[in-house]
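Below you'll find the structure, written out as structure tokens, and then a few comments.
The values are calculated or read from the model by the stated rules, or taken from the named source; none is laboratory data. Small disclaimer: the values here were computed from a predicted structure and weren't measured. Cβ: placed from backbone, ideal geometry, glycine included. Neighbour counts: every protein chain shown. Just the protein is used for accessible areas: all its heavy atoms, side chains included, with ligands, DNA and RNA removed. Shrake-Rupley method; radii C 1.70, N 1.55, O 1.52, S 1.80 Å.
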Amino acid sequence: MNTKRLSNQGGESQHQMTARFTNKVVLVTGGGSGIGWSTALAFAREGATVVAAGRREEPLAETVKLIEARGGKAVRSWPTSHGMTMSCVSSRP
């Protein structure tokens, strides 16, 4: 299995990322907290690009930042004031 180490901001290697879900995109509802948050991090650790969806933008932004800080790829999606319209934003420039 193809693996690479992910480092936290302090440089300590705490997470191991595998290639199991490389080139896959997963949509995780409730990605800003609880089980959804844990699921988003688990899929990112396995190499997936995560779309973290939920009702509130701020917790989703934190999830995306954490995934990216650990070397993963993620965007966030939340409802806008227009009801069913969704917005997707990456924290990367």
- Message: For region 30-68, give me each residue that is among the small types (G, A, S), open to solvent by 10 Å² or more (accessible area, probe 1.4 Å) and assigned to a loop (DSSP other than H, G, I, E, B).
- Response: G30, G32, S33, G47, G54
- Message: Against the conditions (1) in a loop (DSSP other than H, G, I, E, B); (2) open to solvent by 70 Å² or more (accessible area, probe 1.4 Å); (3) at pLDDT 90 or above, where does H82 fall short? Just the number, please.
- Response: (3)
- Task: Being farther than 19 Å from A69 by Cβ and at pLDDT below 90 is the filter; apply it to region 15-29 and report the residue that is most open to solvent (accessible area, probe 1.4 Å).
- Result: R20
